[in-house]
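These notes are about the structure you will find just below.
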Amino acid sequence: MSKKIIIGNWKMNPINLKEAVKLFKNVAKSISHIKKTEIVVCPPFLYVSGLKNLSKKISLGAQNVFGENIPNGTGAFTGEVSGEMLYNIGVKYVIVGHSERRAMGESNADINKKIKSVLSVGLIPIICVGENLRDENHGYFNVVKTQLEECLNGVKKVLISKIIVAYEPVWAISSTVNRHDANPEDSREMAIFIRKVLVDKFDSEASSVRIIYGGSVNEKDALDFLQNGGVDGLLPGRASLDAIKFTEIIKICEASSK
Ligand code: PEP
């Protein structure tokens, strides 16, 4: 069985490499005893090389990737960063399909290409899904089902156990205007549903896929989500920018793991 996983999404923070190193080191120094929890930090691309040798306990993730699978991972694509480049610099995970990128126009078809390109170079995609709003008729289940089916279209069965699915209801994310809190029951019913969609599509190969929760999760509700949210880990955004809060979440996960 895979370890539980805590993934910090730093988004477009902090302002410079010095601050990034400080934050990263403050987390690293407090988690030397952690054994049962996998820890990932996803900084902006340009800080990866400055962070990569600072901790053996913390893996690095990217927040985006170029979606076309091109030979050698190089070419005339201004502003893009390929999966090969990320792999070569020491990145292990890539967040794909985050709602903040979907809001910039990224479609399920674009995300599908990114997932395939990430898997083809041996990186692990963290695929974000989640509805913008909850409607009374429970149409949000279909929203998430469509996201999963279209984003994973054509992904080989043998690779499916490598992926991580992050359920991130957009209405609970800290950057959402008029956001409100999700509770572990919301997470649990969606995690069960996500597992069913995956198993229907990929058979038992999907039974080991890690499903995690994100959406303003913090050190106060992390235990409740881990114990009652039906998930194998958490994806904090804002709380990952505070070394004390982020390490607290990691320690809570460690203490709750068997
Ligand atoms: C996120 O956007 O991935 C996220 C979970 O952010 P926050 O925890 O700040 O809501």
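The values are calculated or read from the model by the stated rules, or taken from the named source; none is laboratory data. Computed from a prediction, not measured in an experiment: that's the story for all the values here. Glycine also receives a Cβ, built like all others from the backbone with ideal geometry; neighbour counts cover every protein chain displayed.
Quick one: is Ile211 touching a residue at least 24 places away in the same chain (Cβ under 8 Å) and either more than 10 Å from the ligand (Cβ to nearest atom) or in contact with a strand residue (DSSP E or B) (Cβ under 6 Å, 6 or more places away or on another chain) (or both)?
For Ile211, the condition - touching a residue at least 24 places away in the same chain (Cβ under 8 Å) and either more than 10 Å from the ligand (Cβ to nearest atom) or in contact with a strand residue (DSSP E or B) (Cβ under 6 Å, 6 or more places away or on another chain) (or both) - is met.
Taking the conditions exactly as written (touching a Lys or Arg at 6+ places or on another chain (Cβ under 9 Å) and either in a helix (DSSP H, G or I) or not hydroxyl-bearing (Ser, Thr, Tyr) (or both)), does Ile39 satisfy them or not?
Taking the combined requirement at face value, the residue satisfies it.
Mind counting the residues in segment 91-127 that are polar (S, T, N, Q), farther than 18 Å from Ile7 by Cα and assigned to a helix (DSSP H, G or I)?
Total satisfying the criteria: 4.
Quick one: count up the residues across segment 30-64 that are surrounded by 21 or more Cβ atoms within 10 Å (Cβ to Cβ) and among the aromatic types (Phe, Trp, Tyr).
1
Residues of segment 9-34 being under 17 Å from Thr247 (Cβ atoms) and of a type in the set (Val, Ile, Thr), which ones?
Those that are under 17 Å from Thr247 (Cβ atoms) and of a type in the set (Val, Ile, Thr): Val21, Val27, Ile31, Ile34.
With (1) touching an Asp or Glu at 6+ places or on another chain (Cβ under 8 Å); (2) farther than 21 Å from Tyr213 by Cβ as the list, and Ser2 as the residue in question, which single condition is left unmet?
Status for Ser2: all satisfied but (2).
Do you know which residues across segment 172-181 are closer than 10 Å to Ser216 by Cβ and more than 10 Å from the ligand (Cβ to nearest atom)?
Matches in segment 172-181: His180, Asp181.
Considering (1) in a loop (DSSP other than H, G, I, E, B); (2) over 26 Å from Arg238 (Cβ atoms); (3) polar (S, T, N, Q), say which one Asn88 fails and leave the rest.
(1)
Looking at segment 87-113, I want the residues that are over 12 Å from Cys151 (Cβ atoms) and modelled with pLDDT of 95 or more and have a partner that is within 13 Å of the ligand (Cβ to nearest atom) and of a type in the set (Asp, Glu) with Cβ atoms under 7 Å, at least 6 apart or on another chain. Which pairs are those?
So the pair list comes out as Ser99/Glu168.
Sort out which residues of segment 65-77 are assigned to a loop (DSSP other than H, G, I, E, B) and either on the phi < 0 side of the Ramachandran plot or in contact (Cβ under 8 Å) with a residue 40 or more places away in the chain (or both), and write them in order of number.
Scanning segment 65-77 gives Val65, Phe66, Gly67, Glu68, Asn69, Ile70, Thr74, Ala76, Phe77.
Take the residues of segment 124-171 that are among the small types (Gly, Ala, Ser) and within 16 Å of the ligand (Cβ to nearest atom): which is surrounded by the fewest Cβ atoms within 10 Å (Cβ to Cβ)?
Filtering segment 124-171 for residues that are among the small types (Gly, Ala, Ser) and within 16 Å of the ligand (Cβ to nearest atom), the one surrounded by the fewest Cβ atoms within 10 Å (Cβ to Cβ) comes out as Gly130.
Could you list, in sequence order, all residues of segment 80-123 that are of a type in the set (Gly, Ala, Ser), buried (at least 21 other Cβ atoms within 10 Å of the Cβ) and within 23 Å of Lys52 (Cα to Cα)?
Ser82, Gly83, Ser117
Over 21 Å from Lys11 (Cα atoms) and not polar (S, T, N, Q): is that true of Val217 in this structure?
no
For the structure I just gave you, tell me whether Ile89 is under 16 Å from the mean Cα position of the chain (by Cα) and hydrophobic (A, V, I, L, M, F, W, C).
So Ile89 does not fit the description; no.
Would you point out which residue out of Ala191, Ala182, Ala166 is among the aliphatic types (A, V, I, L, M) and either in contact with a His (Cβ under 9 Å, 6 or more places away or on another chain) or over 19 Å from Asp232 (Cβ atoms) (or both)?
Only one candidate qualifies: Ala166.
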